Amino acid sequence: MPPNPRVEVRRSPRRRRTVSAYRDGDKTVVLVPASFSRAEEKRWVDRMLERLQAREERRRPSDDALQARAVELSERYLGGIVEPASVKWVDNQNTRWGSCTPEDGSIRLSRRLSGMPGWVVDYVLIHELVHLIVPGHGREFWELANRYPRTERARGYLEGVSAAPRLSAGDPDTLEAEEE
């Protein structure tokens, strides 16, 4: 979370007991009941900022953890035939989920994956690990990639995420809590 996060508090007369928070670009939106006092609002905003940060940290392993996960996945699903030299999160991949450079054994994952379920991140790691061995998406590539049991499910998930901005639906990343 940025050191001075932008926070927008929205009060709702229809909201009775629940408090919700979600990220909207570089700001955090916190939805509170209109009946809250300023002190209750401040307490809940602070609490929801802490919860969002904790959730984001759980969902975003470090580069070292990502490297260790890639090695573990290679051993489990590819018989350890490939070990990446480096694996890291990057912020400059807005159209790809991951990329690799077979010449130096490096893998890069888009930070957009960082909040997704672990099995989706695992699929992208497997996908890039296989690309370190097989450059294209031919039969040999998919024979290796499909050793990961959730390949089709993860591909469907990523296709849905890619399509979501074109749909007009609620934000599934909203974090909710109920007043104690």
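Can you sort Lys27, Lys88 by 1.4 Å-probe accessible area, starting with the largest?
Working: Lys27 40, Lys88 95 Å².
Listed by decreasing accessible area, they come as Lys88, Lys27.
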Compute, for the chain, the length of the dipole vector about the Cα centre, with Cβ point charges of +1 (Lys, Arg) and -1 (Asp, Glu) only. Units Debye, rounded to 20.
860 debye
The long-range amide H neighbours of Val9, using H built 1.01 Å from N in the peptide plane and a cut-off of under 5 Å, are Val30
Spin-label pair Ser86/Arg111, simplified geometry with 7 Å Cα→Cβ offset, distance in nm
1.7 nm
Sort Ser99, Ser37 from largest to smallest accessible area, using a 1.4 Å probe on the heavy atoms of the protein chains.
Ser37, Ser99
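How much length, in nm to one decimal, is gained on full extension between Asp26 and Glu50, taken as 0.36 nm per residue of separation minus their Cα-Cα distance?
On the way: separation 24, 0.36 × 24 = 8.64 nm, distance 1.59 nm.
Result for the pair: 7.0 nm of gain on full extension.
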Say each of Ser99 and Ala68 gets a label point 7 Å from the Cα, pointing the same way as Cα to Cβ; how far apart are those two points in nm?
2.8 nm
Which residue, Arg16, Arg166, Arg111, has the most motion in a Gaussian network model of the chain that connects Cα atoms within less than 10 Å?
Arg166
Taking the dipole about the Cα centre of the chain, with the C-beta of Lys and Arg at +1 and of Asp and Glu at -1, give me whichever of Ile126, Ala39, Gly138 is farthest to the positive side.
Ala39
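Convex hull over the Cα atoms of the range 82-126, averaged projected area in nm²? If you can, show how the numbers build up before the last one.
On the way: hull surface 12.6 nm².
Taking a quarter of the hull surface, the average projection is 3.2 nm².
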What percent does the relative contact order of the chain come to when contacts are Cα pairs within less than 8 Å and at least six residues apart?
20 percent
As a test question: what accessible area, to the nearest 10 Å², does Met116 have when a 1.4 Å probe is rolled over all protein chains in place?
20 Å²
If the elastic network links every pair of Cα atoms under 10 Å, which of Arg112, Arg55, Arg139 fluctuates the most in the Gaussian network model of the chain?
Arg139
Compute a Gaussian network model of the chain, connecting alpha carbons closer than 10 Å, and tell me which residue from Glu140, Glu50, Glu103 fluctuates the most.
Glu103
Give me the percent of DSSP beta bridges within the range 8-159 that run antiparallel, rounded to the nearest 5.
45 percent
Enter the per residue convex hull volume of the chain, computed from alpha-carbon coordinates, in Å³ rounded to the nearest integer.
141 Å³
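Using helices alone, what [θ] at 222 nm do you get for the chain, with -39,500 (n - 2.57) per DSSP H run of 4 or more residues, divided over all residues and rounded to the nearest 500? Could the numbers behind the result be given before it?
Numbers: 5 runs with 72 residues, N = 180.
The helix contribution divided over the chain gives -13000 deg cm²/dmol.
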Taking only the alpha-carbon positions of the range 68-143 as identical scatterers, the Debye log10 I(q)/I(0) at q = 0.14, 0.20 Å⁻¹ comes out as -0.40, -0.83
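The values are calculated or read from the model by the stated rules, or taken from the named source; none is laboratory data. These figures come from a predicted structure and were not determined experimentally. When we count neighbours, we look across all protein chains shown, and the Cβ atoms used for this are built from the backbone with ideal geometry, even at glycine. In case anyone asks, the SASA skips ligands and DNA or RNA and just uses the protein heavy atoms, side chains included. Shrake-Rupley method; radii C 1.70, N 1.55, O 1.52, S 1.80 Å.
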